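See below for the structure under consideration.
The values are calculated or read from the model by the stated rules, or taken from the named source; none is laboratory data. For clarity, every value in this text was computed on a predicted model and none was experimentally measured. So basically every Cβ, Gly included, is an ideal-geometry build from the backbone, and we count neighbours across all protein chains shown. Note: areas computed on protein heavy atoms with side chains; ligands, DNA, RNA excluded. Shrake-Rupley method; radii C 1.70, N 1.55, O 1.52, S 1.80 Å.
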Amino acid sequence: MSKYFVAYFSASGETARLAKTIAGVVVGDLYEIAPEQRYSTADLNWQDQKSRSTLEMKDEASRPAIAGKAEGIQEAEYVLVGFPIWWYQAPRIIQTFLESYDLSGKTVIPFCTSGGSGLGKTVEILKKSCSDSTKWKEGKRFSSRAGEGEIRSWIDSLGLSD
Ligand SMILES: Cc1cc2nc3c(=O)[nH]c(=O)nc-3n(C[C@H](O)[C@H](O)[C@H](O)COP(=O)(O)O)c2cc1C
C-alpha cells in the first residue's frame with residue numbers, strides 16, 4: 001500500500017492520462033472516480049443551458065453519485081485529486097468524492113486539466129467538503145501536453161516527506 005493515493009475524474013480522457021503519469025511519478029495507487037451514470041457527449045455540452053453538466057454546475061448542492069469505493073485511501077498520507085475544470089471549478093462529483101471519506105490529518109493535493117483556465121476559487125470551494133484538520137497543498141493546472149518532467153518538478157516543489 002502506497003502513502004500516495006491518486007484519485008481522478010475524467011470525462012474525456014485528458015485528466016486520466018495526466019493522473020496515470022502522476023501515479024507513476026509518486027508511485028501511488030491509482031483510482032478512477034467513476035460516475036454511477038457516465039457523462040454522454042450531450043451531458044458535456046456547456047453551450048446547452050439544460051445539459052447535465054450545466055445543471056449540476058449551476059446547483060451548488062448537486063452531488064452526482066460515484067460507482068465503487070476507493071479501496072486503500074484510508075492508509076494513504078497524501079491524496080492527489082485530479083479533475084477537468086468545468087465552469088472555472090471542479091466538477092461537483094469531486095465534492096461527492098471528498099465528502100465520502102474521512103480525510104482528517106491527510107494532505108490533499110489537487111491537480112487539473114482545462115482548456116486554459118486555472119484553478120481559480122476551486123480549492124476554496126473544495127476545502128468546504130473536508131474537515132478543518134485536512135491539510136492542503138497548492139494545486140496545479142496542467143495542459144494536456146504536460147510531460148513527466150513538468151510533473152516531477154511540481155511534485156518536488158511540494159516538499160512532501162518521504
Ligand atoms: C462542461 C464543461 C465545462 C468546461 N469549462 C471549462 C472552463 O471553465 N475553463 C476551461 O479552461 N476549460 C473548460 N472545459 C474544458 C475542460 O476542462 C478540458 O477539456 C479538460 O482537459 C477535459 O478533461 P477530461 O478529458 O479529463 O474530461 C470545460 C469542459 C466541459 C465538458
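The table below gives the values:
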{"read-out": "Those residues of the range 1-40 which are in a loop (DSSP other than H, G, I, E, B), crowded, with 18+ Cβ neighbours inside 10 Å and within 13 Å of the ligand (Cβ to nearest atom), in sequence order", "value": "PHE9, SER10, ALA11, ILE33, TYR39"}
{"read-out": "Unique match (being within 15 Å of the ligand (Cβ to nearest atom), open to solvent by less than 30 Å² (accessible area, probe 1.4 Å) and without any contact (Cβ under 8 Å) to a residue 12 or more places away in the chain) among SER62, SER51", "value": "SER51"}
{"read-out": "Contacts under 7 angstrom Cβ, first residue in the range 1-20 being touching a residue at least 40 places away in the same chain (Cβ under 8 Å), partner surrounded by fewer than 16 Cβ atoms within 10 Å (Cβ to Cβ), 6 or more apart", "value": "MET1/GLY72; MET1/GLU75; SER2/VAL27; LYS3/GLU77; TYR4/VAL27; PHE5/GLY72; GLU14/SER144"}
{"read-out": "Evaluation of TYR101 against (1) more than 20 Å from GLU148 (Cα to Cα); (2) within 16 Å of the ligand (Cβ to nearest atom) (one fails), failing number", "value": "(2)"}
{"read-out": "Hits in the range 41-69 - residues which are touching a strand residue (DSSP E or B) at 6+ places or on another chain (Cβ under 8 Å) and assigned to a loop (DSSP other than H, G, I, E, B)", "value": "TRP46, PRO64, ALA65, GLY68"}
{"read-out": "Given (1) in contact (Cβ under 8 Å) with a residue 24 or more places away in the chain; (2) within 16 Å of the ligand (Cβ to nearest atom), number of the condition GLU75 does not satisfy", "value": "(2)"}
{"read-out": "Residue check, ASP132 over 18 Å from ASP156 (Cα atoms), without any contact (Cβ under 8 Å) to a residue 12 or more places away in the chain and of a type outside the set (A, V, I, L, M, F, W, C)", "value": "yes"}
